[in-house]
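The block underneath contains the structure these notes are about, expressed in structure tokens.
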Amino acid sequence: MAASADEARRHFAARLAFETDVSDVAAHLDAGAGGVVIVDTRSAESWAQGRVAGAVHLPTAEIAERAETVVPSGATVVVYCWGPGCNGGTKAALEFAELGYPVKEMIGGFEYWVREGFAVETGGGTVTRRSPDPLTAPAGGVSCAC
């Protein structure tokens, strides 16, 4: 049985307050809108392998100690980890929330960032884009319009 319409409204509104997706993050970055810091919470090895272009590196275990030096006051934090099978982004979001930061988790994580063909920066600073995976993103550069 489905929840009532009112319960569903509260639930889905709450999810949108706590989560964002890779397409929305990419659109925000492409628009040059400020006020958001994208935080990669993975290990140094993972960071060097590739990351969201423009992200900062702050592993979850270091958030409490280093957040103030990495995230400007008043910024909204968007965290990510590997992908949907990993709850590292959720753990990192909780750490930031406990420190008083406005925070969202980027659902899909780095996996879907790459699969949807958004800019990836490597350890050497090279920025590349792969073709979107047609099973996860619309073919032909057309937006999903969601």
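Readers should treat all values here as calculations from the given coordinates under stated rules, not as data from a laboratory. All figures in this text were calculated on a predicted structure; none of them were measured in a lab.
Data for the structure
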{"read-out": "Other-chain or far-sequence residues with amide H under 5 Å of C86's (modelled H)", "value": "none"}
{"read-out": "Residues whose placed amide H lies under 5 Å from that of V39, excluding near-sequence neighbours", "value": "V56, V78, V79, Y80"}
{"read-out": "Centroid-to-centroid separation of the stretch 74-102 and the stretch 10-64 [C-alpha atoms, Å]", "value": "8 Å"}
{"read-out": "In order through the stretch 120-130: 3J(HN,Hα) via Karplus (6.51 cos²θ - 1.76 cosθ + 1.60), integer Hz, x for Gly, Pro", "value": "10, 9, 9, x, x, x, 6, 9, 10, 9, 9"}
{"read-out": "Rounded if a/c under 1.5, otherwise prolate or oblate - the chain, Cα gyration tensor axes", "value": "oblate"}
